[in-house]
1. Please give the average number of partner chain Cβ atoms lying within 10 Å of the Cβ of each residue in B:84-92, rounded to a whole number.
2. For residue A:441 and residue A:391, what is the calculated FRET efficiency with R₀ set at 45 Å and r taken between the beta-carbons, to the nearest 0.05?
3. In square nanometres, what is one fourth of the surface area of the convex hull spanned by the alpha carbons of the stretch A:163-284?
4. Which stretch or stretches of the stretch A:166-186 have amide N atoms under 13 Å from the point lying 7 Å from residue A:137's Cα along the Cα→Cβ direction?
5. Dipole of the protein assembly as shown, Cα-centred, from +1 at each Lys and Arg C-beta and -1 at each Asp and Glu C-beta, to the nearest 20 debye?
6. Using a 10 angstrom Cβ neighbour count of at most 16 plus a DSSP loop assignment to flag exposed GluC sites (Glu not before Pro), which longest range of chain A is free of such sites?
7. What is the set of long-range amide H partners of residue A:475 at a cut-off below 5 Å, with H atoms built 1.01 Å from backbone N?
8. Can you work out the Karplus-derived ³J(HN,Hα) for every residue in the stretch A:478-488? Use 6.51 cos²θ - 1.76 cosθ + 1.60 with θ = phi - 60°, whole Hz, and x for glycine or proline.
Amino acid sequence: MYQYDQHDRAFLADRVALFRDQVARRLTGVLSEEQFRPLRLQNGLYLQLHAYMLRVAVPYGTLNGRQLRALAAIARRYDRGYGHFTTRQNIQFNWIRLADAPDIMADLAAADLHAIQTSGDCIRNVTADQWAGAARDEIEDPRIWCEIIRQWSTVHPEFSFLPRKFKIAVTGAARDRAAVRFHDIGLRLLRNADGEVGFEVLVGGGLGRTPVIGKVIRPFLPKAELLAYLEAIMRVYNRHGRRDNPYKARIKILVNDLGSDEMRRQVEAEWEGLRGGDLRLDPDLVAEIAGRFAGPALTPDPAPVRAVEDLPLIDPAFRRWLDANTVAHRVPGHRIVNLPLKPIGAPPGDASAAQMEALADLAETYGHDDVRVTHEQNLVLPHVREGDLPALWRALDGLGLAVPNLGLVSDIIACPGLDYCTLANARSIPVAQAISTRFADLARQQDIGELRIKISGCINACAHHHVGHIGILGVEKAGAEFYQVTLGGEPGEGASIGELVGPAIPAARIVAAVETIIAGYLAFRRPGERFLDTVRRVGVAPFRERLDAAA
Amino acid sequence: MAKTRTGSINVVTANRLADGQAVFLAAAGGWVADIGRAAVATEAASAERLLAIAAASVARQEVVDPYLVALAAGEVRPLALRERIRAHGPTVAAIAADATRYPE
Ligand code: SF4
């Protein structure tokens with residue numbers, strides 16, 4: 001993985017010292033809350049319902065064991081013993097004291113971690129495919145480019161006060177696991193007809209109040225021009241993006257107002273002045289960064305491993321886990337091991353300090369010291385030798401992290417919602433807990449098959465409900481919690497935005513409504529059809545009829 | 001969710017500056033975590049008085065963002081779910097223990 005150099009470490013040390021001074025001045029009243037708020041937000045520190053919340057960046061979702069242990073130590077020492085992994089491949093701590101924040105930043109910096117640009121109207125933590133470097137369908141590791149973007153965008157003076165926050169995602173694979181079509185800028189590495197690798201550039205995707213699928217403004221960009229082209233996009237956005245209304249300030253609104261053709265024309269015109277200039281990437285520099293992502297040297301082992309062959313006969317639970325939670329690795333004889341943080345009835349994305357520490361050990365023992373965070377609030381050990389799977393499975397089972405529910409009903413994405421978030425209309429996590437418990441039976445989940453439920457507590461859509469196969473959005477009506485339900489959203493290739501299935505449903509009926517919808521799918525589905533396929537074939541109307549009949 | 005729901009019975013809440021904890025202006029003065037010990041204003045004038053005390057506390061860097069929380073008549077129970085969660089903590093642990101309790 002990427003190793004910090006002296007420059008990175010010195011920069012973080014300066015930031016910690018600066019923040020320590022700012023906090024001290026706030027606590028003694030030299031700085032007012034109004035003066036201090038933007039400074040703390042620049043360091044990822046929010047004030048939520050019950051306490052301060054610290055959002056720590058996990059750049060492109062990659063951690064090593066030492067870093068995971070550092071996060072566990074923060075959970076133990078400064079929080080309530082757990083952390084919450086988010087849909088932006090970050091981790092949040094919910095119970096932070098302002099007075100402790102500088103020490104926490106120092107502890108993070110000691111593990112080459114930070115909370116910079118996890119908030120505010122800047123270029124946020126760049127996200128990537130969680131299987132980067134391991135996926136079979138990958139053309140090139142997207143994290144090389146995420147890191148180049150990180151270096152370019154970190155405290156970039158021109159882009160520190162954008163009209164609004166700005167999110168970039170990169171995938172290097174054929175299948176889009178990074179939801180690049182729903183980011184301000186999405187980048188897809190692909191190979192053109194001449195065999196060259198470059199980027200397809202998408203602009204103006206996003207969720208929130210106005211969900212939009214990003215538009216391709218350049219089908220093929222040579223890799224060396226990446227930063228020049230991004231800079232051109234940012235300049236056009238900075239110049240024309242609306243600053244008068246935060247709801248209309250994201251680049252998706254600008255792309256919509258200008259039209260994607262005009263947006264493309266302006267970006268390309270801006271790029272003309274930049275291309276081939278200082279921002280052109282030096283191949284040596286790219287090679288040097290690529291070297292830091294080289295990953296472990298894995299020895300291909302095409303022969304089936306006895307332990308893996310034999311164990312399913314002995315323990316069918318292992319087989320279920322192997323089939324559900326692991327996928328083939330690009331190197332034969334290895335698997336990508338997914339760790340859903342979705343035990344039945346538990347808050348999605350939460351991990352205890354003890355789990356993080358044990359996972360750090362397992363990553364070091366079996367996973368080449370590499371752990372990934374996914375935007376689906378799960379973790380991944382991307383490089384595991386098949387022969388090690390039985391031992392790893394037993395250890396994970398002991399931690400409660402071997403539930404074979406990846407991509408199933410109980411693998412729910414939920415934002416913090418009204419239990420923690422000051423912006424929420426309704427709770428999210430308890431809805432997820434109640435649905436997960438209702439569908440606890442794994443055989444039933446497997447029969448239902450792939451189904452992605454996403455629950456947001458307000459229109460900010462932190463849980464990406466618009467692109468859930470079943471999307472659930474909390475709304476408030478006369479002081480009570482209600483939920484709007486959409487069907488048929490999809491974040492990856494074949495991206496779509498879910499369609500509203502009917503009027504908002506009161507909290508007391510939301511779990512039953514999900515059950516009614518799923519029963520409808522089971523009744524309507526044709527052999528081999530996933531939930532999403534059935535919804536796309538029959539539309540939402542038959543589901544609405546069933547909900548009306550049940551209401 | 002609206003911070004305050006209309007009501008004539010109120011307490012004042014804020015977040016303590018140093019740790020962010022949700023606190024309530026106490027009858028005995030100062031801020032307490034237990035809403036049961038909060039000073040209750042039953043008329044507009046006394047609510048204004050409590051807010052003035054809170055503003056002075058803000059100026060002393062003790063708390064931030066004070067506001068009124070409307071209570072149900074006759075009990076120290078905020079009308080808004082948001083404020084009940086703020087006063088008593090997240091509901092997720094209770095639901096993890098017994099999911100049939102949702103949506104209590
Ligand atoms: S979607 Fe709304 S409620 Fe949920 S975390 Fe985001 S801002 Fe808070």
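The values are calculated or read from the model by the stated rules, or taken from the named source; none is laboratory data. Please read all numbers here as calculations on a predicted model, not as lab measurements. Neighbour counts run over all protein chains shown; Cβ positions are idealised from the backbone, glycine included. For the accessible areas, the whole protein counts, side chains as well, though only heavy atoms, and no ligand, DNA or RNA atoms are used. Shrake-Rupley method; radii C 1.70, N 1.55, O 1.52, S 1.80 Å.
1. Details: counts 1, 8, 5, 2, 1, 4, 12, 7, 15.
The mean count of partner-chain Cβ atoms within 10 Å per residue comes to 6.
2. Values: r = 28 Å, r/R0 = 0.62.
Rounded to the nearest 0.05, the efficiency is 0.95.
3. Working: hull surface 31.6 nm².
If you wrap the Cα atoms of the stretch A:163-284 in a convex hull and average its projections, you get 7.9 nm².
4. A:171-180
5. Values: 77 positive and 77 negative charges, 320 e Å.
Here the protein assembly as shown has a charge dipole of around 1540 debye.
6. Details: sites that count: A:196, A:450, A:493, A:529.
That would be A:197-449.
7. Sorted by chain and number, the residues that satisfy this are A:482, A:483, A:484.
8. 6, x, 10, 7, 10, 9, 8, 10, 10, 10, x
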